[in-house]
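Trainee: Mind looking over this structure? Questions follow.
Since every read-out is calculated from the coordinates, none of them should be taken as a lab result. Model, not experiment: these values are computed from the prediction. Glycine also receives a Cβ, built like all others from the backbone with ideal geometry; neighbour counts cover every protein chain displayed.
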Amino acid sequence: MKDYVAIVKYEGGVSVCLYIESEKLFAIGEKMNEINDEAYMNGYNWEAFFNYYLEKNAPDVLKEMNTDPEADMYSAYYKLTSENEKRAEKFVEIIRSLVENEEELYRIVREEGNNIEWD
């Protein structure tokens, strides 16, 4: 799989899908786990991380968001509205920014990891 995040639209909804087993994300997750033993980056811990991060930095993205974490994937979904499509797009931008600037992910785990409710 080439890309690690995608927006998927379906009848009545829009999802943000994070593919944890993509090569890049898997490597980042391993490094996050090296920094903090509790940060084993399965879908549940990506959910914990994003809930913490979004609450602090983009609480509007959390509005009307539901999640469905799994061992190998994290999915956030919204009812399909124009506002929620914008939220999904903003969430994808946030994910890409964090992943492409992975040192920020490591800094957050190092400095704020004890504040995150890991799975």
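Trainee: Within 10 Å, at most 12 other Cβ atoms, and a DSSP state outside H, G, I, E, B define an exposed site. Report the longest part of the chain free of exposed trypsin sites (Lys or Arg not before Pro).
Mentor: Between the exposed loop sites, the longest stretch runs 3-62.
Trainee: Test of understanding: in a Gaussian network model of the chain with alpha carbons linked when under 10 Å, which of 105, 18, 80 would top the mean-square fluctuation ranking?
Mentor: It is 80.
Trainee: Which one of 41, 32, 65 has the biggest mean-square fluctuation once the chain is modelled by GNM with Cα springs under 10 Å?
Mentor: It is 65.
Trainee: How many nm separate the modelled label positions at residue 119 and residue 83, each set 7 Å beyond the Cα in the direction of the Cβ?
Mentor: Placing both labels 7 Å along Cα→Cβ, they lie 3.0 nm apart.
Trainee: Mind pulling up the Rg/Rh value for segment 5-115? Radius of gyration and Kirkwood radius, both on Cα.
Mentor: Result: Rg/Rh = 0.96.
Trainee: Under 23 Å Cα to Cα from residue 86, which lysines show up? Leave out anything in the same chain fewer than 8 places away.
Mentor: 9, 56, 63
Trainee: Something else now. Which residue fluctuates most in the GNM of the chain (Cα springs below 10 Å): 13, 29, 43?
Mentor: Sorting by GNM fluctuation, first place goes to 13.
Trainee: Next up: Please list, ordered by chain and number, the residues whose modelled amide H lies under 5 Å from the amide H of residue 67; skip anything fewer than 5 residues away on the same chain.
Mentor: Here the answer is 77, since their amide H atoms fall under 5 Å of that of residue 67.
Trainee: Taking H placed 1.01 Å from N in the peptide plane, check which residues at least 5 places from residue 5 or on another chain put their amide H under 5 Å from its amide H.
Mentor: Long-range HN contacts for residue 5: 19.
Trainee: Tell me which residues come under 5 Å, amide H to amide H, from residue 13 once H is placed; ignore anything under 5 positions away on its chain.
Mentor: So residue 13 has HN proximity to 80.
Trainee: What are the ³J(HN,Hα) couplings of segment 42-49, residue after residue, when phi is run through the Karplus curve with 6.51, -1.76, 1.60 and θ = phi - 60°? Round to Hz, x for glycine and proline.
Mentor: Whole-Hz 3J(HN,Hα) from phi for segment 42-49: 8, x, 5, 7, 5, 4, 4, 4.
Trainee: Could you tell me the center-to-center distance, by alpha carbons, between segment 73-116 and segment 28-58 in angstrom?
Mentor: For segment 73-116 versus segment 28-58, the Cα centre distance is 10 Å.
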